[in-house]
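Participant: Before we start, here is the structure in question, set down as structure tokens.
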Amino acid sequence: MQAAETARADRFLIEGVHGKLWFEGRKGADTLIVSFDNLATIDEGWPRNPWAFRRLEPMGHAVLGVQSHAKDWFRQSTTPAQLLALRDAGFFARFRRIVLTGASMGGFAALNFAPLIPGARVLAFSAQSTMNRAIAPFEKRFPFAVRKSDWGEMPFLDAAAAIPYIPRVVLIHDPFVPEDKAHAARMRGPNVEQIACPHATHEAIRVILKSGTFPLLIDAMARDAPIGPAFWAAYRARRTVPKWQRALIVNARAAGHNRLVIAACTRLLTLSDGETGEDRVFLRRSKRAALATLQANGGA
């Protein structure tokens, strides 16, 4: 299929050396969501849908999945060349609004490649700004990425450099994760909205998905509307998400807030939705440990 034909197609799959582009159009859709693979997605193997496709499909938007064959943080030539070819063929001009989204590695790619697409906005979860150790010496996670990928040269080396060229950026991260907090601090600007989600961990996207608030974020980005009270009201459902519960308790215990641990465990044990027996055991043990610590310290 020629580039011009691809740009007009209702659906297509473009194969590349390092990855694929999978497009699923929707009749009458004027918003395109471009989603990027992350490390967990790649572990699923092939065949697989575009990242978050199952969540995005019911919303009625067109979806372009940017897929990678390896855990390479998209540090390869295939993906940018594919996106540029689509742009030059007029594909993106079909849509009134374009939102790029991804988590961790996918968030890094969404930010880096957004300037290639005129007017594209970005919704990124726990995004790294770079894995270059000289630029981000605080980042020592994911050694595979540094060892197996080229992190020495531009282009697309540092997502912070792309920020001024993106009309709107929404960054969601857990400020209790030091590396994610540091990356977010590097990507500030008047066009950037930082949304801190304490205790969501580096896998904040999982808490967002489990709390049912992902569609609200996508809808706000698609309408270019603020991330407002409706999101925060719905996000209260995080209290029933075991990953968030565990992170809250672990962080509170690490800070020595034993009374908070006791109160939180007592309350969370009344919220049974989504909890397994293992999760409830964790809460009970944490509560007992905090009580024991208080008693050993004379109730202080």
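Each value in this text was obtained by applying a stated rule to the coordinates, not by laboratory testing. Computed from a prediction, not measured in an experiment: that's the story for all the values here. Every residue, glycine among them, receives a Cβ derived from its backbone with ideal geometry; neighbour counts consider all protein chains shown.
Participant: Once you charge only the Cβ atoms, +1 for Lys and Arg and -1 for Asp and Glu, what is the size of the charge dipole of the range 3-238 about its Cα centre, to the nearest 20 debye?
Facilitator: I would put it at about 380 debye.
Participant: In the neighborhood of LYS148, defined by Cβ-to-Cβ distances under 10 Å, what is the net charge if each Lys or Arg adds +1 and each Asp or Glu adds -1?
Facilitator: Result for the neighbourhood of LYS148: +1.
Participant: Hey, another quick one. List residues of the range 102-120, by number, whose backbone nitrogen lies under 11 Å from a label position 7 Å along Cα→C-beta of ARG141.
Facilitator: Residues passing the 11 Å test: 104-105.
Participant: Let me ask something additional. What's the extension gain from GLU193 to TYR165 if we count 0.36 nm per residue and subtract their Cα-Cα distance?
Facilitator: Contour length minus the Cα-Cα distance gives 8.6 nm.
Participant: To continue, here is another question. Once every DSSP H run of n ≥ 4 in the chain is given -39500 (n - 2.57) and the sum is divided by its residues, what mean residue ellipticity at 222 nm do you get, rounded to the nearest 500 deg cm²/dmol?
Facilitator: That calculation yields -11000 deg cm²/dmol at 222 nm.
Participant: Along Cα→Cβ, 7 Å out, is where each label goes; now give me the distance between the ones at ARG55 and ALA233 in nm to one decimal.
Facilitator: Each label point is offset 7 Å from its Cα along the Cβ direction, giving 2.1 nm.
Participant: So, one more: What number, in percent, do you get for the relative contact order of the range 129-259 if the mean sequence gap of Cα pairs under 8 Å and at least 6 apart is divided by its residue count?
Facilitator: It rounds to 19 percent for the range 129-259.
Participant: If you plug each phi of the range 55-65 into the Karplus form 6.51 cos²θ - 1.76 cosθ + 1.60 with θ = phi - 60°, what whole-Hz ³J(HN,Hα) values come out, in order, with x for Gly and Pro?
Facilitator: Calculated HN-Hα couplings, in order: 7, 7, 4, x, 7, x, 8, 6, 10, 10, x Hz.
Participant: Tell me, what is the FRET efficiency for ASP30 and ALA296 to the nearest 0.05, using R0 = 45 angstrom and their Cβ-Cβ distance as r?
Facilitator: My answer for the efficiency is 0.10.
Participant: On to the next question. Just give me a number: lysine pairs in the chain, eight or more positions apart or cross-chain, with C-alpha atoms less than 26 Å apart.
Facilitator: So the count works out to 16.
Participant: Calculate the spin-label point distance for TRP46 paired with LYS148, positioning each point 7 Å from the Cα along the beta-carbon direction, and give it in nanometres.
Facilitator: Modelled inter-label distance: 1.5 nm.
Participant: In addition: ALA4 versus ARG259, label points 7 Å from Cα toward the beta carbon: distance in nm?
Facilitator: Using points 7 Å along Cα→Cβ, the separation is 7.4 nm.
Participant: Right, next: Sorted by packing (mean other beta-carbon atoms within 10 Å per residue), highest first, where do 36-42, 253-259 land?
Facilitator: 36-42, 253-259
Participant: A further question on this structure: Please label the shape of the range 23-95 as rounded, prolate or oblate, based on the square roots a ≥ b ≥ c of the eigenvalues of the alpha-carbon gyration tensor (a/c under 1.5 means rounded; beyond that, a/b larger than b/c means prolate, else oblate).
Facilitator: oblate
Participant: Further question on the same structure: On a 0 to 90° scale, report how tilted helix 78-88 is relative to the longest principal axis of the chain, with both axes built from alpha carbons and the result rounded to the nearest 10.
Facilitator: 50
Participant: Considering the values (i) 1.08; (ii) 1.15; (iii) 1.49, which represents Cα Rg over 2.2 N^0.38 Å as calculated for the structure under consideration?
Facilitator: The listed entry that was calculated here is (i).
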